[in-house]
Amino acid sequence: MYLRLLLFTCLFLLPLPCLAADDGYGYPIPGSYEATILGTPAAMMPTFPTKMHIRQLVLDVLPDREKPPVFFYDEGLRCNFAYQNKKAPLVFLVAGAGSNGNSDKLVTMMKTLYMAGFHVITLPSPSHANFVISASLSGVPGDLTEDSADLYRAMEVAWKKVKGDIEVSDFYLGGYSLGATQAAFVAKLDEERRVFNFKKVLMINPAVSLYGSVTRIEDLLKQIPGGAKKQGVFFNKMLSKFSEYYSYGNFVAINDDFLYSIYQEKLFTREETAGLIGLTFRINLAGMIFASDVMTGGGYVVPRNRVLGADESLDDYFLVSSHLSFFDYFNEYFYPHFKRQRPGLTKEAFIDSLSLKSLDGYLKSSTKFGVMANENDFILTKAELDYLKQTFGERTKVYPRGGHLGNLEYKDNLAYMVNFFQEKEVQP
Amino acid sequence: MKSQALRIALALTLAVALSGCAGTRVNTQDDERPWHSINEFRDQRFAEVADPWEGVNRNMYRFNFYLDKYVLIPVVNGYEYVTPTFVQNRVSGFYNNLNEVRNLSNSVFQLKGKESATTLGRFVTNSTIGLGGMFDPASKLGMPRHDQDFGKTLGYWGAGSGPYVVLPFFGPSSLRDTAGLVFDDGLAFGIYTMVDPFGSTSTPLLYGAGFTALEGVDMRHQQQFRYYGSGYPFEYYMVRFLYHQKRELESGKRIPAE
């Protein structure tokens with residue numbers, strides 16, 4: 001939520017430019033980076049009634065877990081639960097990298113499905129601090145197999161908590177971005193465990209290879225002067241650009257008009273826009289790295305013997321964690337952790353295991369999957385997009401634009417999602 | 001009216017600030033060096049705001065988390081449960097309209113003629129046709145709301161924000177904005193005493209207290225923010241940054257010389 005807000009503050013909100021090419025698809029923003037940051041114009045999103053049957057679930061997934069004082073506020077895994085008063089299918093939704101169960105995109109998906117008559121439970125991403133602290137068994141997020149086992153456990157706890165209150169006909173599963181990739185692994189696990197017996201699984205803008213996609217996001221930061229090591233300088237420069245623009249224009253407040261004008265005037269270059277996306281990723285990653293290090297006592301950014309108090313300043317840890325790249329995390333912390341457990345694990349084999357391709361046979365044989373992707377999603381290579389098309393055939397819907405997740409809340413996309421879950425399932 | 005709440009709040013602040021010291025940990029032995037530490041990075045900090053009282057502020061941030069959890073949010077939830085949405089919106093409209101007095105006085109203090117006229121027009125329109133502010137016909141008639149307060153007025157005339165402050169109940173603020181809040185509330189209290197709306201009732205104090213309590217509930221009801229709601233470990237810095245930046249932009253601005 002904050003990161004999105006931050007981006008909105010630093011950039012531009014939504015205009016309604018009629019720039020769309022005439023291809024029958026009404027999502028208006030052509031640029032991949034711009035779409036990713038701007039998302040969907042409010043007028044092109046569905047509207048929802050103010051009163052809906054939605055409540056928060058706080059799950060005690062790991063009852064024996066001791067929480068350090070610095071995370072005193074973390075009282076359990078925070079999920080949202082939307083429920084019908086009649087028998088209906090229950091859809092589990094998994095958030096994208098760094099997002100909690102309350103992220104705007106996830107909530108829009110939940111409300112849309114709720115309005116279409118589904119029960120819904122949203123889950124935070126296993127890469128979000130809340131999940132690392134309250135639901136990750138190892139406390140070291142990033143391994144798709146382990147994270148999915150954690151997700152599965154969390155879903156079971158959630159289901160146990162609500163099953164007395166609702167009537168469920170079938171279980172479905174969905175996710176976006178990293179959550180979409182994880183959904184495939186959760187579905188695979190479900191084939192053995194059979195607690196839910198998921199009938200349908202929808203992946204929205206999935207990463208095919210986790211390592212590959214993150215590499216492309218990290219690359220966005222290379223375009224800023226001085227590279228990622230100088231992201232603080234970059235951020236402050238963008239901020240003063242933003243402030244000056246505000247001061248010299250005659251704006252009343254930081255509102256849609258102001259943000260629209262930033263977009264129109266192209267205040268930020270393409271490289272700068274890319275840099276801001278990369279920076280947002282790093283800020284998210286910082287939360288994950290810090291939470292993981294505190295939970296495992298890994299001595300990575302926090303001294304091993306130090307117990308952080310509830311009111312202690314975390315300023316230095318913030319600076320350090322946000323300057324670490326995914327590769328730092330991978331090479332120094334993440335891969336060594338798994339190598340200790342599985343001697344002989346090579347880096348290449350490990351990277352290969354963090355990919356949809358490691359489930360290739362299963363994904364091709366199952367008819368329960370559907371994919372929504374965008375032609376200009378920068379986390380996928382052309383070859384990866386082709387891989388999705390080949391693997392899932394006509395159950396792959398590719399939109400001409402939308403960047404990474406920019407069009408997720410667009411009406412047509414949401415209608416496609418609802419339709420996917422409403423349609424009679426394909427018999428194998 | 002709000003000044004009573006403020007006084008209680010200040011007393012609470014003091015109590016918590018004093019008790020808070022007990023929570024500070026002392027590390028008896030030297031820390032082991034972590035893999036990465038601050039010394040290896042040569043970059044500007046981002047989202048940085050002057051915050052010399054971070055310890056007390058974090059303590060207060062935590063206090064507000066508990067105040068929300070055990071008092072305010074349950075009360076707000078109860079209020080939202082028993083009151084129809086339509087009524088909730090009318091209550092918000094009513095209090096927001098009263099705050100136009102604050103907006104107006106500060107527009108005047110900043111010598112913003114056009115804005116003052118708009119705000120006055122809004123106040124008159126919404127108080128009459130809008131039935132005491134319950135409805136907002138003024139916005140539809142082309143009189144947009146201009147939120148003003150004395151903190152912004154001070155900023156407008158060149159006062160820096162001063163250090164970041166987290167107030168009990170009110171939340172993120174700065175030294176300047178805290179002074180502004182006290183001033184605005186003092187002014188409101190003065191007007192309230194002068195008008196004395198419940199003076200003719202048999203129990204003016206009781207009515208006054210109810211009036212203030214409902215205002216507090218409505219204030220929290222209108223505010224979506226939840227302390228530690230993001231679950232992000234560095235939320236404190238994000239909130240500090242966003243608050244500071246928004247205030248800087250909206251208050252520090254002067255009309256450029258023509």
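Largest GNM mean-square fluctuation across A:Asp412, A:Asp386, A:Asp147, computed for chain A with C-alpha springs under 10 Å, falls on A:Asp386. Residues considered: B:Trp53, B:Trp157, B:Trp35. Largest GNM mean-square fluctuation over chain B, using C-alpha springs under 10 Å, is found at B:Trp35. Given in Å, the Rg to one decimal and the Dmax to the nearest whole number for the Cα atoms of segment B:49-251 are 18.1, 52. Toward the positive end of the charge dipole of segment A:45-155, with +1 on the Cβ of Lys and Arg and -1 on the Cβ of Asp and Glu, the farthest Cα among A:Pro69, A:Gly96, A:Gly139 is that of A:Gly96.
Computed extension gain for B:Lys114 through B:Leu187, at 0.36 nm per residue and net of the alpha carbon distance, reaches 24.0 nm. Assuming charge only on the beta carbon of Lys and Arg (+1) and of Asp and Glu (-1), the dipole of chain A about its Cα centre is about 660 debye to the nearest 20.
Comparing B:Phe135, B:Gly151, B:Leu181 along the charge dipole axis of segment B:49-251, the residue lying farthest to the positive side is B:Phe135, per the Cβ-charge model. Here each label is just a point 7 Å from Cα along the line to Cβ, and for A:Lys389 and A:Ser365 those points are 2.7 nm apart. When DSSP beta bridges are restricted to pairs lying wholly in the protein assembly as shown, around 35% turn out antiparallel. Considering only alpha-carbon pairs that sit under 8 angstrom and 6 or more positions apart, the relative contact order computed for chain A is 23 percent. Distance between the modelled labels on A:Ser261 and A:Arg55, one decimal in nanometres: 4.7 nm (7 Å Cα→Cβ projection). Structural size metrics of chain A, computed from C-alpha coordinates, are Rg and Dmax of 21.2, 63 Å.
Within the straight-line cut-off of under 17 Å between alpha carbons, the aspartates and glutamates reachable from A:Lys266 are A:Glu34, A:Glu244, A:Asp256, A:Asp257, sequence neighbours fewer than 8 places apart in one chain being disregarded.
Which entries in the list A:Lys357/A:Lys397; A:Lys389/A:Lys411; A:Lys111/B:Lys246; B:Lys114/B:Lys140; A:Lys105/A:Lys411; A:Lys229/B:Lys246 go over 21 Å, if you measure between the two C-alpha atoms of each? With Cα atoms farther than 21 Å apart: A:Lys389/A:Lys411; A:Lys111/B:Lys246; A:Lys229/B:Lys246.
Computed from Cα atoms, the angle from the helix B:2-20 axis to the main principal axis of chain B rounds to 10 degrees.
Between A:Lys368, A:Lys222, A:Lys163, the Gaussian network model of chain A with springs among Cα atoms under 10 angstrom shows the greatest mean-square fluctuation at A:Lys163. Between the helical axis of B:113-128 and the longest alpha-carbon principal axis of chain B there is an angle of about 60 degrees. The charge dipole of segment B:49-251, taken about its Cα centre with unit charges on the Cβ atoms of Lys, Arg (+1), Asp and Glu (-1) only, comes to about 260 debye. Taking amide H as placed 1.01 Å from N in the peptide plane, A:His128 has its amide H under 5 Å from the amide H of A:Gly98, each at least 5 places away in sequence or on another chain. Projecting the Cα atoms of A:Gly212, A:Gly164, A:Ala183 onto the charge dipole of segment A:164-220, computed from C-beta unit charges around the Cα centre, puts A:Gly212 farthest toward the positive end.
Where a number appears in this text, it was derived from the coordinates with a stated rule and is not lab data. Note that the structure is predicted; figures quoted are calculated from it, not measured. Because the Cβ atoms are built from the backbone with ideal geometry, glycine has one as well, and the counts that use them run over all protein chains shown.
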